[in-house]
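*Asks:* This is the structure I want to talk about, given as structure tokens.
The values are calculated or read from the model by the stated rules, or taken from the named source; none is laboratory data. Please read these numbers as outputs of a predicted model, since none were measured by experiment. So basically every Cβ, Gly included, is an ideal-geometry build from the backbone, and we count neighbours across all protein chains shown.
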Amino acid sequence: MTPCDLWPYLRGRTTWIIGDSQALDFHIALECFMKEFWGLEETPMTDDQAVLDKFIAIASIAGHDVPHCEVLPEHSRICFIRANNGNDTINVAMPLLEQGLAKPEDVMVVNFGLHHREEAAYVELLQRFVQQYEQNKARFPNIIWKDTAPQHFKTQTGLHEKGLGQPPFECAPIANVSIQPDHVLTASHAGQEAVLRGSWRNELANELIRNAGMPIIEGWNETVPLWEYHRDNVLRGYECGHYCHPSASEVWVFQLYETLKAHIAPLSTHSLQQ
């Protein structure tokens with residue numbers, strides 16, 4: 001795949017990446033992949049400071065991860081909105097997009113997952129997100145769910161658990177799990193069923209999202225083997241949840257292309273001229 005393969009699906013619309021720090025890595029990978037198409041400058045997604053302030057307020061660090069866009073040719077953009085959790089996504093990000101920032105032809109790639117630890121509360125948020133999607137999909141049909149990526153802490157499933165302390169951590173492979181040539185995960189011993197199903201978060205989310213008819217970028221399986229590709233974050237050391245560039249997030253860009261190709265048609269020349 002080259003940037004020219006992906007370009008027809010980005011052309012003439014804004015592609016919104018909405019989520020936490022893993023979504024930020026996804027956005028960085030996408031903007032770098034499309035580097036030849038943009039002028040190497042970031043612009044605010046809107047001149048409305050009140051709207052920007054609402055987005056800044058839900059960013060994990062005030063003034064950091066300010067929502068911004070890369071401007072591509074033919075009225076195309078790639079934009080990132082930092083929303084760590086489902087409440088911020090559902091109550092702030094999506095309403096602001098649907099009330100004027102986004103256009104019907106835009107693509108929105110959404111995830112919230114790692115900042116949620118309670119299954120019942122997570123299911124409730126997913127149900128609200130699906131309900132919001134169903135209420136607005138006639139006008140905004142191009143919403144895609146990105147699954148929650150693996151982590152590689154020294155736990156049975158690789159996921160961060162309470163009591164692990166503070167970084168730096170030592171990252172490790174997820175024990176007894178491997179990926180096959182057909183992209184299916186297998187386990188050499190019992191006890192890793194949750195990993196094979198994509199972790200409890202993806203198991204819950206994928207069923208609800210798929211039943212609503214929303215496309216899913218499923219990157220879990222391909223990311224499970226990448227335990228040696230976590231980066232050393234400045235002043236924090238290795239924390240086994242964020243990946244080097246290039247590695248996992250570049251795989252997700254390819255999977256975005258495959259998802260767009262399967263579910264969303266490029267805009268027609270007539271649409272681009274309007």
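*Asks:* Out of all the residues in segment 142-194, which are closer than 19 Å to Tyr243 by Cβ, exposed (fewer than 12 other Cβ atoms within 10 Å of the Cβ) and touching a helix residue (DSSP H, G or I) at 6+ places or on another chain (Cβ under 9 Å)?
*Replies:* Selection gives His183 alone.
*Asks:* Evaluate the following for Glu239: is it outside any loop (DSSP other than H, G, I, E, B) and either within 19 Å of His115 (Cα to Cα) or aromatic (Phe, Trp, Tyr) (or both)?
*Replies:* Numbers: outside any loop (DSSP other than H, G, I, E, B): yes; either within 19 Å of His115 (Cα to Cα) or aromatic (Phe, Trp, Tyr) (or both): yes.
Here the answer is yes, as Glu239 does meet what is asked.
*Asks:* From (1) out of contact with any helix residue (DSSP H, G or I) (no Cβ under 6 Å at 6 or more places or on another chain); (2) among the acidic types (Asp, Glu); (3) over 21 Å from Leu30 (Cα atoms), pick out the condition that doesn't hold for Asp106.
*Replies:* So Asp106 meets the others, but not (3).
*Asks:* Being part of a loop (DSSP other than H, G, I, E, B) and of a type in the set (A, V, I, L, M, F, W, C) is the filter; apply it to segment 109-141 and report the residue that is surrounded by the most Cβ atoms within 10 Å (Cβ to Cβ).
*Replies:* Applying the filter and picking the extreme gives Phe112.
*Asks:* Among the residues that make up segment 2-20, is at least one of them free of Cβ contacts under 8 Å to residues at least 60 places away in the same chain, in a loop (DSSP other than H, G, I, E, B) and over 28 Å from Arg128 (Cβ atoms)?
*Replies:* Looking through segment 2-20, at least one residue is free of Cβ contacts under 8 Å to residues at least 60 places away in the same chain, in a loop (DSSP other than H, G, I, E, B) and over 28 Å from Arg128 (Cβ atoms).
*Asks:* Another one. Would you point out the residue of segment 232-266, among those that are aliphatic (A, V, I, L, M) and under 17 Å from the mean Cα position of the chain (by Cα), that is farthest from Thr157 (Cα to Cα)?
*Replies:* By that ranking, first place goes to Leu260.
*Asks:* Tell me whether segment 215-228 contains one or more residues that are polar (S, T, N, Q), surrounded by fewer than 16 Cβ atoms within 10 Å (Cβ to Cβ) and in contact with a His (Cβ under 8 Å, 6 or more places away or on another chain).
*Replies:* No, every residue in segment 215-228 fails to be polar (S, T, N, Q), surrounded by fewer than 16 Cβ atoms within 10 Å (Cβ to Cβ) and in contact with a His (Cβ under 8 Å, 6 or more places away or on another chain).
*Asks:* Out of Asp53, Asp47, I need the residue that is assigned to a loop (DSSP other than H, G, I, E, B), modelled with pLDDT under 95 and not basic (Lys, Arg). Which one?
*Replies:* Selected residue: Asp47, the only one of Asp53, Asp47 that is assigned to a loop (DSSP other than H, G, I, E, B), modelled with pLDDT under 95 and not basic (Lys, Arg).
*Asks:* Can I ask one more? Determine which single condition Thr148 fails, assuming it passes every other condition in (1) of a type in the set (Ser, Thr, Tyr); (2) in a strand (DSSP E or B); (3) touching a residue at least 40 places away in the same chain (Cβ under 8 Å).
*Replies:* The failed condition is (2).
*Asks:* Could you please give the count of residues in segment 102-127 that are closer than 30 Å to Leu267 by Cα and either in contact with a Gly (Cβ under 6 Å, 6 or more places away or on another chain) or of a type in the set (Lys, Arg) (or both)?
*Replies:* Here the count works out to 3.
*Asks:* For segment 70-108, how many residues meet the condition of being touching an Asp or Glu at 6+ places or on another chain (Cβ under 8 Å), farther than 24 Å from Ala121 by Cβ and surrounded by fewer than 21 Cβ atoms within 10 Å (Cβ to Cβ)?
*Replies:* Qualifying residue count, segment 70-108: 2.
*Asks:* Let me ask another. For segment 70-86, enumerate the residues that are over 18 Å from Asp53 (Cβ atoms) and in contact with a helix residue (DSSP H, G or I) (Cβ under 7 Å, 6 or more places away or on another chain). Walk me through how you get there before you give the answer.
*Replies:* Residues of segment 70-86 that are over 18 Å from Asp53 (Cβ atoms), as a first pass: 70-78, 85-86.
Result: Glu70, Leu72, Pro73, Glu74, Ser76, Ile78, Gly86.
*Asks:* Quick one: which residue in Ala59, Ala29 is surrounded by 14 or more Cβ atoms within 10 Å (Cβ to Cβ) and touching a residue at least 40 places away in the same chain (Cβ under 8 Å)? Walk me through how you get there before you give the answer.
*Replies:* Working: Ala59 fails: touching a residue at least 40 places away in the same chain (Cβ under 8 Å).
Result of the check over Ala59, Ala29: Ala29.
*Asks:* If only one of Leu256, Leu204 is outside any strand (DSSP E or B), aliphatic (A, V, I, L, M) and in contact with a strand residue (DSSP E or B) (Cβ under 7 Å, 6 or more places away or on another chain), which one is it?
*Replies:* Leu256
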